[in-house]
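Asker: I'd like to ask some things about the structure below.
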Amino acid sequence: METQLDPMKDDLPLMANTSYMLVKHYVLDLDVDFKSKVIEGSIVLFLETGSQYMRTSSAGKECCQSQFETCKMGSSEPCHIPMINVSTCSSKTDYKDFAVSGKKEETTSDENSNHSNNEQASGISSSEDCCDIENHGNKDFLLVLDCCDLSVLKVEEVDVAAVSGIEQFTRSAKPTGVSKELENFRNWIVHELVTLPADHWKEQLYYFTHCSQAPGCGELLFSTGTWSLEIRKLGIQTPADFPHAIRIWYKTKPEGRSVTWTTDQSGRPCVYTMGSPINNRALFPCQEPPIALSTWQASVRTAAGFVVLMSGENSAEPVQLREGVLSWYYYVSMPMPASTFTIAVGCWQEVKQQSFKQTTATETNTEFSLPSPQTDFRWHEEICGHVEYPCRFQNPAARLQAVIPYRVFAPWCLMESCEEYLLQLIPQCLSAAYATLGTHPFSRLDVLIVPSNFSSLGMASPHIIFLSQSVLPGGSHLCGTRLCHEIAHAWFGLAIGARDWTEEWISEGFATFLEDIFWARAQQLSHDEIKGQQELKALLRWRRLRDEVQNSEEELQVLRPKKESTGEVSESGASVVKYGLKAEKIFMQVHYLKGYFLLRSLARTIGEVSYLASLRKFVNKFHGQLVLSQDFLSMLLEDIPKQKGSGLTVESIFQNWLDTSGIPKPLLEERETWKECQLVQQVSGEVTKWIQTNQRIRKSSKKKMKRDEVVFQQLLPDQLVLLLESLLEEKTLCPRVLLYLERTYQLREQDAEVSH
């Protein structure tokens with residue numbers, strides 16, 4: 001390929017300095033205005049000092065975290081908290097003036113900024129120059145957030161100490177003279193709040209809400225660049241002393257790339273997050289590196305008639321604030337990357353089914369809805385390895401829930417189509433997923449049919465799945481397989497995430513592999529039927545991979561493009577997603593396909609029963625955490641020590657599958673076996689018939705042709721795709737044969753993959 005990759009244009013910068021400060025919780029308070037195509041309001045960030053600051057300051061007296069730990073342990077010595085000038089703080093900030101003062105503040109902050117937008121856009125090192133936390137003499141600490149296409153109006157510190165009842169968080173460790181050092185006192189409150197035990201999550205959410213509504217106590221300096229928002233407070237030189245609760249007033253721009261403003265299939269306005277390459281930084285200022293796991297809650301106001309769907313544990317019910325305005329509230333208690341936050345606002349209609357139908361659909365799957373008792377017992381003896389949160393894997397009732405509560409939403413004109421197949425498929429696919437992997441990581445599921453401008457077949461986020469309208473027509477096959485793929489992301493992609501975004505095969509490869517397992521179980525197929533369908537699917541995917549490898553840049557074909565540097569970040573925590581902005585990459589499937597074939601190869605080598613048991617063990621060990629490729633591969637090979645003797649090692653897998661472009665060598669050896677599959681041979685026979693029919697039609701006149709000379713067999717949707725792809729390679733099919741094909745297989749009534 002002649003096109004050259006340009007890191008300055010093709011790599012997505014992750015600017016947030018997460019090594020110094022981490023956002024632990026977001027509180028969004030937003031208004032959605034369809035007339036101006038703007039989302040406007042505020043976001044409150046609750047922060048903790050990061051790991052890099054902890055390492056560099058652990059021995060010093062100014063380390064905020066170490067003071068807190070000493071206090072918690074009940075030290076009889078008073079805690080040392082540095083003196084801070086609080087004369088600039090005020091708890092009487094007038095919210096009415098925020099827009100005006102915000103403009104003034106922006107001017108001031110630009111004058112005080114250490115670099116221009118151009119410098120900031122040029123790389124990730126510039127933020128490090130301005131936040132030297134080891135130099136306590138002359139530089140202010142900078143909090144750097146990922147931000148793009150936003151108008152930031154004002155940034156202020158939040159006076160959490162003003163919240164009624166908050167004193168309960170300070171009783172056990174109130175150092176002498178702390179009332180004079182109010183700023184550190186506020187940080188201490190935030191620390192206590194974000195570190196509450198998991199069984200206090202409701203209390204924690206309550207105080208997050210009230211703290212987010214507390215008055216401001218002083219504006220902070222800020223400047224915006226192409227990719228970031230930088231915030232500082234004059235005279236504050238360490239993350240420990242930087243305000244741990246800040247409020248940002250902002251609004252999105254109509255052209256912002258995190259959301260799309262459009263109309264649904266019924267012609268009504270809507271807005272939703274469509275899976276942008278820049279993720280959510282044009283929806284709210286945030287920390288985008290995967291390591292920044294956080295919880296969130298959001299109140300969203302919009303005109304009556306609109307429904308707000310969001311990544312949230314609760315099935316929100318609207319509250320009328322005043323005539324014509326409704327408010328919707330969602331929350332999550334499981335920490336996840338901010339990139340997984342999803343919102344969709346539109347005139348969606350809930351698709352409901354008569355209760356007896358839904359009960360029947362669930363009951364038909366109970367025979368395979370439970371994992372094997374022995375395996376189930378082994379998982380739950382172990383303690384979760386993630387940060388503390390209310391985990392469903394430790395909840396006895398959740399562990400037995402084969403089908404989680406679900407809802408389906410769609411534009412009015414597609415409700416009937418959803419009721420025909422989708423509603424019945426959801427419980428079957430959820431049950432099949434549970435039978436394969438065990439406990440559902442999330443407590444409920446919304447499924448939304450998104451507008452026609454959605455560029456994919458589906459997208460999974462916490463508690464919500466977007467599906468394209470393209471999965472609805474043509475029977476249950478495409479709808480079922482895509483639903484299974486997105487449900488698989490609940491485990492791989494959401495509950496378990498890639499520590500480095502360049503390793504997206506960890507999400508997409510696993511989902512593609514598990515899609516086949518789930519769908520086979522949902523259909524309750526026999527062993528031979530499962531094997532036949534999976535061999536046919538493998539051949540189709542091989543053809544796609546072959547075509548993609550022949551028509552894409554080699555650099556984009558590598559599943560671990562950073563190789564040994566995978567997972568590494570700069571000292572501040574900033575990094576880049578290699579080729580994250582490359583336009584061609586958005587439409588490539590190499591991570592899906594090569595990842596799928598790697599997992600399929602491992603399953604064939606180890607044996608599917610043992611392999612699925614290893615997947616369940618992996619899920620149990622790593623849910624709620626971020627992983628690299630070697631975490632999975634090392635655990636898998638440790639469980640199967642005999643494979644190491646046959647040359648199967650983490651290094652060999654890297655070399656053959658993950659670190660090189662092109663078709664993996666082991667895959668080249670396997671491709672011939674798929675042609676022996678009965679379903680594939682059946683298609684080959686039909687292809688021969690059509691070629692012969694084409695030749696006869698060319699030689700004979702229309703009158704002499706007899707349609708009943710050849711009997712064509714009925715084919716499955718995947719067989720039809722293979723048939724049509726094979727016939728496309730015959731470049732001399734006459735128009736009459738094409739019409740004959742369409743009538744024989746009713747091509748206009750088939751699913752989207754056949755139609756394509």
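The values are calculated or read from the model by the stated rules, or taken from the named source; none is laboratory data. Since we're looking at a predicted model, the values are computed, not measured. Every residue, glycine among them, receives a Cβ derived from its backbone with ideal geometry; neighbour counts consider all protein chains shown. Note: areas computed on protein heavy atoms with side chains; ligands, DNA, RNA excluded. Shrake-Rupley method; radii C 1.70, N 1.55, O 1.52, S 1.80 Å.
Asker: Averaged over all directions, how much area does the convex hull of the C-alpha atoms of segment 381-536 cover when projected, in nm²?
Answerer: Working: hull surface 42.7 nm².
If I average the Cα hull's projected area over directions, I get 10.7 nm².
Asker: Separation of segment 548-604 and segment 720-756 by C-alpha centroid, Å?
Answerer: 34
Asker: Output the peptides 396-408, 186-198, 230-242 sorted from most to least packed, where packing is the average of other Cβ atoms within 10 Å over each peptide's residues.
Answerer: Values: 396-408: 15.8, 186-198: 20.5, 230-242: 22.0.
Averaged packing, sorted descending, gives the order 230-242, 186-198, 396-408.
Asker: How big is the accessible area of LEU741 in square angstrom, nearest 10, if you roll a 1.4 angstrom probe over the protein chains?
Answerer: 10
Asker: Could you tell me the extents of segment 197-261's C-alpha atoms along the three principal axes, largest first, rounded to whole Å?
Answerer: Between the extreme Cα coordinates on each principal axis of segment 197-261 lie 41, 39, 22 Å.
Asker: Once label points are set 7 Å from the Cα along Cα→Cβ at both CYS347 and GLU584, what is their separation, rounded to one decimal in nm?
Answerer: My value for the distance between the label points is 4.3 nm.
Asker: A follow-up question, please. What do you get when you divide the Cα radius of gyration of segment 210-300 by 2.2 N^0.38 Å, with N the number of residues?
Answerer: Working: Rg = 16.4 Å, N = 91, 2.2 N^0.38 = 12.2 Å.
Ratio of Rg to 2.2 N^0.38 Å for segment 210-300: 1.35.
Asker: Given q = 0.16 Å⁻¹, what are the Debye log10 I(q)/I(0) values for segment 149-266, with equal point scatterers placed on the Cα positions and solvent ignored?
Answerer: The calculated log intensity ratios at q = 0.16 Å⁻¹ are -0.87.
Asker: If the only charges are +1 at each Lys and Arg Cβ and -1 at each Asp and Glu Cβ, what is the size of the charge dipole of segment 535-693 around the Cα centre, to the nearest 20 debye? Don't skip to the end; give the middle numbers.
Answerer: Numbers: 23 positive and 21 negative charges, 79 e Å.
Its charge dipole is roughly 380 debye.
Asker: Follow-up question, since we're still on this one. Could you tell me the distance between the Cα centroids of segment 443-478 and segment 268-335, to the nearest Å?
Answerer: Spelled out, the Cα-based centre of one part sits 18 Å from the other.
Asker: Bins of 5 Å, beginning at zero and ending with the bin holding the largest distance: percent of Cα pairs per bin for segment 650-756, please.
Answerer: Distribution as computed: 2, 10, 18, 18, 15, 11, 9, 7, 5, 3, 2, 1, 0, 0 percent.
Asker: With the Cα gyration tensor of segment 531-640 giving a ≥ b ≥ c as the square roots of its eigenvalues, does the rule (a/c under 1.5 for rounded; else a/b larger than b/c for prolate; else oblate) give rounded, prolate or oblate?
Answerer: Here segment 531-640 falls in the oblate category.
Asker: List, in the order given, every pair from LYS563/LYS617; LYS251/LYS578; LYS233/LYS253; LYS352/LYS582 whose Cα-Cα distance in the structure shown is over 31 Å. Before the final figure, lay out the partial values.
Answerer: Working: LYS563/LYS617 26 Å; LYS251/LYS578 29 Å; LYS233/LYS253 27 Å; LYS352/LYS582 41 Å.
The pairs that break the limit, which is 31 Å between Cα atoms, are LYS352/LYS582.
Asker: Largest first and in whole Å, what are the equivalent-ellipsoid semi-axes of segment 589-690 based on the Cα gyration tensor, each being the root of 5 times an eigenvalue?
Answerer: Values: eigenvalues 181, 50, 42 Å².
Rounded to whole Å, the semi-axes are 30, 16, 14.
Asker: Let me ask you something else. Going highest first, how would you order 145-158, 564-577, 308-321 by mean Cβ packing within 10 Å?
Answerer: Per-residue Cβ counts within 10 Å, averaged per peptide and sorted highest first, yield 145-158, 564-577, 308-321.
Asker: Right, something else. Would you mind checking the radius of gyration and Dmax of segment 261-357 based on alpha-carbon positions, in Å?
Answerer: 15.2, 46
Asker: Average the reciprocal distances over every distinct pair of alpha-carbons in segment 315-354, invert the result, and give the Kirkwood radius in Å. Don't skip to the answer; put the middle values down first.
Answerer: Numbers: mean 1/r = 0.0758 Å⁻¹.
Every distinct Cα pair counted, the radius reaches 13.2 Å.
Asker: Can I ask one more? Going highest first, how would you order 42-48, 746-752, 622-628, 330-336 by mean Cβ packing within 10 Å?
Answerer: Details: 42-48: 24.0, 746-752: 15.4, 622-628: 19.4, 330-336: 21.6.
Sorting 42-48, 746-752, 622-628, 330-336 by mean packing, highest first, produces 42-48, 330-336, 622-628, 746-752.
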